[in-house]
Amino acid sequence: LKKLRALCSEKDGDVAITVRKLAMVSLTAVFKDIAPSYRIRELSEAEMKLKVSKDVRKLRDFEQTLLSNYQKFLKLLDETTEVGLKSESVCPPAKKKQKRTKRSPLQVLDGNQELSASSLEGLSVVALQCLCELAVALSHFNYRSNILAVLVPQMDSSALKGEASQMCCGAVIKVFQNDLVGEVSLEAVQLITRMVKAKSYRTKPAVLRTFLHLRLHNIEEPVGVAGRGGAKAVKKEAATRSHGQHGRMSRRQRKRMKVEAKLDKELKETEAVESREKKSKLQTEILKVIFNTYFRVIKLSRDSPLLQPVLEGLAKCVPFAIIRTSH
């Protein structure tokens, strides 16, 4: 991982652009493959000094190395994106002397050469694509807030002839569609609404149109296994599966099996209730934040280009708000 990160800052002018692009894409694919399905907790110095078993130490070393390299890679992608998009917006001065801005290490090549604006722009496109992929694939993993903090401002950007905005809006939409619980969606919605407010509600309609892809449900009603039909189906399936075993089991084993099945059922019901309550709270907060922005847009201007996505959003969200209010 360290060697691949070094290639992301290749200084050889003949191959720098190609090597950097390939290294960024390769590292993105690697992190998507090796990142675990849980968030890694960062250990304190005291915890690192504690004596643990060999297997635990091995796992800790892997997790902390992975986390350190992932954080540094995200920082590199952020800097590459920032430098590339900034260089694109800079216009050459007309007869006026400007103070030379400090060059980023990413711009400097061997022999004190410097990357051109077009080269930096090409690198920023790849870096932004990598961030979008990581936001979608690893939204459950560490530093998702850092990724969203980079992508959300670019949703309203005109950089790269609007390509940056399209990429970031598309990534946020996929994040909304894949979020089954609502934690990531709430975080993204809060960042977007803050940005819209900071820009005095003058952003691209596509920014608010992403809210149309939020996963909103009537959570009060049990769904799937938690429902009566689902519970009956599971019970029937368990009975069918164990039917062939009863002939070979003793009375004590059958009794033990019934107790285990009962405990398993109670555990699943408890988890379903807790999950439903968590989703309900998150969805309530999401609706609250969205409605606040929608009503502010309507109040401030009736000629705003945001009015259409706001009305579309109200048409989708109001039924869920009414259901929640009635409950």
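Values quoted throughout were computed directly from the atomic coordinates according to the rules given, and no laboratory measurement underlies them. Since the structure is predicted, the reported quantities are computational estimates derived from the model, not experimental observations. Here the Cβ positions follow ideal geometry from the backbone for every residue, glycine too, while neighbour counts run over all protein chains shown.
When the pairs Lys199/Lys281; Lys11/Lys197; Lys51/Lys279; Lys199/Lys288 are compared against a 31 Å limit on Cα-Cα distance, Lys11/Lys197; Lys51/Lys279 fall above it. The GluC sites (Glu not before Pro) of segment 1-78 that DSSP puts in a loop, and whose beta carbon has at most 15 other beta carbons within 10 Å, are Glu42.
Rounded to whole numbers, the Karplus 3J(HN,Hα) couplings from phi for segment 50-56 are 5, 7, 9, 5, 4, 5, 5 Hz, using 6.51 cos²θ - 1.76 cosθ + 1.60 with θ = phi - 60°, and x at Gly and Pro. Of the cross-linked pairs Lys21/Lys72; Lys72/Lys161; Lys54/Lys262, those separated by over 27 Å at the C-alpha level are Lys72/Lys161; Lys54/Lys262. Computed from the Cβ-Cβ distance with R0 of 41 Å, the FRET efficiency linking Gln113 to Glu42 stands at 0.60.
Sticking with the crude label model, points 7 Å out along Cα→Cβ, report the distance from Glu312 to Gln71 in nm, one decimal please. For Glu312 paired with Gln71, the spin-label model returns 4.0 nm.
Phi angles of segment 60-65 translate, via the Karplus equation with coefficients 6.51, -1.76, 1.60 and θ = phi - 60°, into HN-Hα couplings of 4, 4, 4, 5, 5, 5 Hz per residue; Gly and Pro are given as x. When the Cα gyration tensor is reduced to axis lengths a ≥ b ≥ c, the ratio a/c is 1.5 or higher for segment 101-177, and with a/b above b/c it is classed as prolate. Across segment 305-312, rounded Karplus estimates of 3J(HN,Hα) from the backbone phi angles (6.51 cos²θ - 1.76 cosθ + 1.60, θ = phi - 60°) give x, 7, 4, 5, x, 5, 5, 5 Hz, Gly and Pro being marked x.
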